[in-house]
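Here the structure is laid out as structure tokens; the discussion comes afterwards.
Throughout, read-outs are computed from the coordinates displayed, never taken from laboratory work. Bear in mind that the values here come from a model prediction, so they are computed numbers and not experimental data. Cβ atoms come from the backbone with ideal geometry, glycine included; neighbour counts cover every protein chain shown.
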Amino acid sequence: MIMALDPVVEQRMFHNVFVCMRCNARNRAALSKIRQGKVRCRKCGCDRLRVRKKGSGKA
Ligand SMILES: [Zn+2]
């Protein structure tokens, strides 16, 4: 059963969430900090993070 996500829920799930390009761990951080390179993956320490894509379920 698929229902449209509440915008608030969607915001909570996807806003400021980034995925490590090396180990695919999810990291939550402010976009401004990502842009400044201040954020690193909490799991592997890699600083290459991408925006989490909607709709894929995993990752
Ligand atoms: Zn990582």
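Looking at the structure I just gave you, is C41 surrounded by 10 or more Cβ atoms within 10 Å (Cβ to Cβ), touching a strand residue (DSSP E or B) at 6+ places or on another chain (Cβ under 8 Å) and without any contact (Cβ under 8 Å) to a residue 24 or more places away in the chain?
So C41 fits the description; yes.
Quick one: in the stretch 33-43, which of the residues that are of a type outside the set (D, E, K, R), under 13 Å from V17 (Cβ atoms) and part of a loop (DSSP other than H, G, I, E, B) is farthest from the ligand (Cβ to nearest atom)?
This residue is V39.
For the stretch 44-59, which residues satisfy the criterion of being surrounded by 11 or more Cβ atoms within 10 Å (Cβ to Cβ), within 11 Å of the ligand (Cβ to nearest atom) and of a type outside the set (D, E, K, R)?
Correct list: C44, C46, L49.
For the stretch 1-32, how many residues are outside any loop (DSSP other than H, G, I, E, B) and either touching a residue at least 40 places away in the same chain (Cβ under 8 Å) or within 16 Å of the ligand (Cβ to nearest atom) (or both)?
Qualifying residue count for the region: 9.
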